[in-house]
Amino acid sequence: MIAADGLRADKFYEPDADGEYRAPFLRSIIRERGRWGVSHARPPTESRPGHVAIIAGFYEDPSAVTKGWKANPVEFDSVFNRSSHTISFGSPDIVPIFCGALPHSTWNTYPHEFEDFATDASFLDEWSFDQFQSLINKSNNDPNLKKLLQRDGLVIFLHLLGCDSNGHAHRPFSSIYLNNVKVVDRIAENMYNLLEDYFKDNRTAYIFTADHGMSDKGSHGDGHPSNTDTPLVAWGAGVRFPKPGSSSSHGDEGHRFVDEHLHDTPTPHDWGLYGLERVDVNQADIAPLMSTLLALPCPANSVGTLPLDYISLAEAEEVEAVVANTKQILNQFIRKSQIKQSNSLHFRPFEPLAHYSSILDQIDDLISSKDYKAALKLSENLRDLALEGLNYFQTYDWFMLMAVITLGYIGWMVHLVLHVLQSYTSHKNSLSNKRSGDKITESGRLMVYVCGCFLMVAASTILFLEHSPPLYHVYTAMTIFLWTRIFGEYLFIRELWMDLVHRDCKFIFKILATCVVAIVVLEFLVHSFTERRLYTWCFLITGVLASSYLFHLNKRRYLVAIYVWIACSFLSIFTLMPAEIPDNTSLVVASGAMAILVGVAARWLDFHHEADRYWNCITNHDMEARIPMLFQLQVFLVGLASAMVWLSTSHRTKNRELLPLHQMINWSVAGVSLILPLFSPNGLLSRLTSIFLGFAPTFLLLSIGYEAAFYSSLGLVLMAWILFENSLIYMSKPALSAGPRKAVDHKASLDQKLRHLELFDVRIPLVFLVLFNVAFFGTGNFASIASFEISSVYRFITVFSPFLMAAMLIFKLFIPFMLVICAFSAITKLIRLPRLGCYFLVILFSDVMTIHFFFLVKTTGSWMEIGNSISHFGIVSAQVVFVLLLFALTNIFTKDIQIRPDGSSARKAV
């Protein structure tokens, strides 16, 4: 087996610009000696799960990512395990997974340092072949090795990483990647000639395929056809010869694949194979194909179905092979059924297979009577039912889990609402005083807790008797705990209801209107996950409405209204751009200049409008910078980062290497710039300007295209948000100072600096969520694994290091988030809101989105739809944790921001 890691089907089969095909040897095999088709991979289209599907026949749980996809969280059976001996050479990330703990194996890998994205990685493929060739040459002088190679059931596996590395570094349209396809074809030819000359018995079968493809921007992971469609060529002993066929006729007609739709796309005319039958398979089908060619049992956990169109067998042998494949899958179903039955207090069997033994008897009778067609048909039907049965037991507890988790989410949201009302609103004092010292209240709460504990013990006992996984206990216990807490606050809920009943209709209408607006905004955010262009309309409309409102509020400040409109319009452009970011070094450099201009403008505003009452709150110079000429130093670092973007990229492109000097400068600039904002003045505008310039060098060095300009655009919109809130404060000050003393005292009752949350304050967390999600989707679709552009890190490191590279990519993703959170923190200080109370509202709104995505998760349909639905749910679920971590991180930069009160300040008014 030869696996060309990262090889796209279209780049393998299509001709080049001169009309010449890139894989002449394998094309000759397709036309003269073998079978061909497309192997359809299942997301996540990564190297480890792809190879597990090919070699072991099942689609590995993504939990293997917790082991870095380098070790096996659970040991599994594979074709290699079943073989008499396995010989393998290739990547240190793949070969040890299957051979590291396999006693009957001979293998070797190259060092990780060889995986340098700054070079042409096709030499890695040559290394793998050279290692095997050396082994063959060595066997001529080693009788034991020669005897080993002469065994039946021998598996030889070459893992060729070149296409994957070159695709990441240079994109699949580059000459380097396309030339690597020729290298792979040449290795396949050399491998074939070497083995045929060595064995001279025509008893070797060959399979050529790939674990996944490669997107146009040099990434993979999601369910796009460029990632899931990989070539498959088989020839040699036991493999059928080519069969004529039309472009619209496949050997897979009528067969449903793992993504629940028929792959009946006609073969592209430019592939030049329209006269030969194409047989597509699921990636997991390759494992039973290899096992059958070796006359070995299928791997125990395989769910692949044997593709008969690839194997040259007599009719009776075909039936025997399919029956063996069917029994192997059926045994998995039987075992799952037995386990579930032994653990369930009320077992619900899979009815279609309640009498599977009688079906097996029918198949045996048909084979005995030599009615092979009927036996084959019945075996395939039984195999399909067994696969359905496996899925049935995989989702056996679906309804119970859905109900428990839904109640848990609702309980969590209700608990959050009660907590915010009790801790951060005026209800804290007005309602808590009414129930203080009430013994009946305490006894009632105690009774609720006792009932909750009894219910939790009962549920845990039932789950324990059914041998349910630990997570089931956690889900159930958390749901019961939350609702116990909610019912424990029954007196507060009753008083809240009575307070609401005695309010006038106008207040009720305000609450309902606020809820409707919040739901509309949250539904907009939910739909933006699948259609990011919605943000374009959002910011175009918001820019017009906000600027019109500001102009109506204060016509003298018309420049502020114009700025808000321009900033929103500029940001709206980015969500119209392609998610696949094209390389544009000149634009990155220009974006550095743009960031400097934004910083200079903010600096000028900070120092020339201090006397203006409108700017008084955000221009505060009580503390000077702790480092002399800090602003000039930050501007210099942004300029230096822009220059290094140009130098590092041009040198790496021309010489295919990253100079150690460039690498050292880039790391130094990024590291120093991130800590400089800590030494800036503590005025709102001064600190935010310093934070903007502090993150800019790192973001520029990690940028490859228009996302660098997005950074400055986002900064402009965040400033527009601050100016909008400042305008509301400015226009409310006369009313505040002239208002009754009681109203002012009410505002200051929570703290000398903070006020209570009010209904209109809901706008702050809603705007924050919109901007936070724009940071997600402004420069691509980060709901997809493949949206992470690995070439972004090439100015810091080119030698393959998955964890360091992933950490840098995630940090790049976090930088816009940190800008948004810093602005959010500054605004809560500006308008005297409790930041923690606003954060709880952010959690509440995020959970509303999460429960919506929870019901949108799909288990059927195409794997692109399934993968996207799961990733959307995961992103929104993780968003709460991300926000909490980023709040803690950005608090280092924003905790000492000081807001100067107005001349006739609230403090004087109080």
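Rundown of residues vs (1) more than 29 Å from Leu463 (Cβ to Cβ); (2) not β-branched (Val, Ile, Thr), yes/no style:
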| residue | (1), (2) |
| --- | --- |
| Leu296 | yes, yes |
| Leu313 | yes, yes |
| Ala316 | yes, yes |
| Thr326 | yes, no |
| Phe350 | no, yes |
| Ala354 | no, yes |
| Ser369 | yes, yes |
| Lys377 | yes, yes |
Screening Asp152, Asp120 for residues that are of a type in the set (Asp, Glu) and surrounded by fewer than 18 Cβ atoms within 10 Å (Cβ to Cβ) leaves only Asp152
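Being within 23 Å of Tyr59 (Cβ to Cβ), touching a Lys or Arg at 6+ places or on another chain (Cβ under 8 Å) and assigned to a helix (DSSP H, G or I), is that true of even one residue in the range 345-352?
Initially, the range 345-352 is screened for residues within 23 Å of Tyr59 (Cβ to Cβ), giving 350, 352.
When the remaining residues are screened for being touching a Lys or Arg at 6+ places or on another chain (Cβ under 8 Å), the result is none.
Looking through the range 345-352, none of the residues is within 23 Å of Tyr59 (Cβ to Cβ), touching a Lys or Arg at 6+ places or on another chain (Cβ under 8 Å) and assigned to a helix (DSSP H, G or I).
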Identify, by number, the condition in (1) at pLDDT 85 or above; (2) open to solvent by 50 Å² or more (accessible area, probe 1.4 Å) that Ser436 doesn't meet. (1)
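Suppose the filter is touching a residue at least 12 places away in the same chain (Cβ under 8 Å) and in the same structural domain as Val52 (by the TED database); does Val322 pass it?
no
Do the conditions hold for Arg485, that is, is it outside any helix (DSSP H, G or I), in contact (Cβ under 8 Å) with a residue 60 or more places away in the chain and surrounded by 13 or more Cβ atoms within 10 Å (Cβ to Cβ)?
Values: outside any helix (DSSP H, G or I): no; in contact (Cβ under 8 Å) with a residue 60 or more places away in the chain: yes; surrounded by 13 or more Cβ atoms within 10 Å (Cβ to Cβ): yes.
No.
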Pick from the range 1-60 the residues that are open to solvent by 10 Å² or more (accessible area, probe 1.4 Å) and among the aromatic types (Phe, Trp, Tyr): which of them is nearest to Leu296 (Cα to Cα)? Phe58
Here are the criteria: (1) out of contact with any Leu (no Cβ under 6 Å at 6 or more places or on another chain); (2) modelled with pLDDT under 90; (3) open to solvent by less than 60 Å² (accessible area, probe 1.4 Å); (4) not charged (D, E, K, R). Tell me which single one Ser528 does not satisfy. (1)
Are there any pairs, at least 6 apart or on different chains, whose C-beta atoms fall under 8 Å, with the first in the range 354-372 and surrounded by 10 or more Cβ atoms within 10 Å (Cβ to Cβ) and the second β-branched (Val, Ile, Thr), and if so, which? Tyr356/Ile334; Ile363/Val323; Ile367/Val319; Ile367/Val323; Tyr372/Val319
Residue pairs qualifying under the 6 Å Cβ cut-off, at least six apart or on distinct chains, with the first in the range 382-408 being in the same structural domain as Glu466 (by the TED database) and farther than 17 Å from Arg335 by Cβ and the second being assigned to a helix (DSSP H, G or I) and open to solvent by less than 40 Å² (accessible area, probe 1.4 Å), are Val404/Thr476; Val404/Thr479; Leu407/Thr479; Gly408/Thr479
Quick one: Lys747 ticks every box in (1) surrounded by fewer than 20 Cβ atoms within 10 Å (Cβ to Cβ); (2) modelled with pLDDT of 80 or more; (3) over 24 Å from Ile892 (Cα atoms) except a single one, so which number is it? (2)
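Just wondering, is there one or more residues in the range 619-630 that are modelled with pLDDT of 85 or more and surrounded by fewer than 19 Cβ atoms within 10 Å (Cβ to Cβ)?
Within the range 619-630, one or more residues are modelled with pLDDT of 85 or more and surrounded by fewer than 19 Cβ atoms within 10 Å (Cβ to Cβ).
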Search result, residues across the range 180-226 that are out of contact with any strand residue (DSSP E or B) (no Cβ under 9 Å at 6 or more places or on another chain), open to solvent by 10 Å² or more (accessible area, probe 1.4 Å) and hydrophobic (A, V, I, L, M, F, W, C): Leu194, Phe199
Can you name the residue in the range 657-682 that is assigned to a loop (DSSP other than H, G, I, E, B) and open to solvent by less than 30 Å² (accessible area, probe 1.4 Å) and, of all such residues, is nearest to Ala641 (Cα to Cα)? Leu658
Looking at Leu559 and the list (1) surrounded by fewer than 13 Cβ atoms within 10 Å (Cβ to Cβ); (2) among the hydrophobic types (A, V, I, L, M, F, W, C); (3) in contact (Cβ under 8 Å) with a residue 40 or more places away in the chain; (4) under 30 Å from Met577 (Cα atoms), which single condition is not satisfied? (3)
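Only one of these is surrounded by fewer than 21 Cβ atoms within 10 Å (Cβ to Cβ), of a type in the set (Ser, Thr, Tyr) and outside the structural domain of Pro172 (by the TED database): Ser801, Ser825. Name it. Step through it out loud before you land on a result.
On the way: Ser825 fails: surrounded by fewer than 21 Cβ atoms within 10 Å (Cβ to Cβ).
Just a single option satisfies the conditions, and that option is Ser801.
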State which residue is nearest to Arg33 (Cα to Cα) when the search covers only the range 199-224 and only residues that are at pLDDT below 95 and among the hydroxyl-bearing types (Ser, Thr, Tyr). Ser215
Taking the range 852-872 as the region of interest, how many residues are part of a helix (DSSP H, G or I), open to solvent by 40 Å² or more (accessible area, probe 1.4 Å), at pLDDT 80 or above and under 25 Å from His40 (Cα atoms)? 1
Out of all the residues in the range 229-244, which are closer than 10 Å to Leu7 by Cα and either open to solvent by less than 10 Å² (accessible area, probe 1.4 Å) or β-branched (Val, Ile, Thr) (or both)? Thr230, Pro231
When the residues of the range 885-909 are filtered to those that are open to solvent by 70 Å² or more (accessible area, probe 1.4 Å) and at pLDDT below 85, which remaining residue is nearest to Ala403 (Cα to Cα)? Gln898
Residue check for Arg335: in a loop (DSSP other than H, G, I, E, B), under 36 Å from the mean Cα position of the chain (by Cα) and either more than 27 Å from Ala56 (Cβ to Cβ) or not aliphatic (A, V, I, L, M) (or both): no
From the options Ala295, Ala324, Ala316, residue that is over 20 Å from Asp384 (Cα atoms), open to solvent by 50 Å² or more (accessible area, probe 1.4 Å) and modelled with pLDDT of 90 or more: Ala295
Of everything in the range 87-108, what is assigned to a loop (DSSP other than H, G, I, E, B), touching a strand residue (DSSP E or B) at 6+ places or on another chain (Cβ under 7 Å) and surrounded by fewer than 22 Cβ atoms within 10 Å (Cβ to Cβ)? Give them in sequence order. Pro92, Leu102, His104
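The values are calculated or read from the model by the stated rules, or taken from the named source; none is laboratory data. Note that the coordinates shown come from a computational prediction; the quantities given were computed from them, not determined experimentally. No Cβ is skipped: glycine too gets one built from the backbone with ideal geometry, and neighbour counts run over all protein chains shown. Accessible surface is based on the protein model in full, side chains and every heavy atom, while ligands, DNA and RNA are left aside. Shrake-Rupley method; radii C 1.70, N 1.55, O 1.52, S 1.80 Å.
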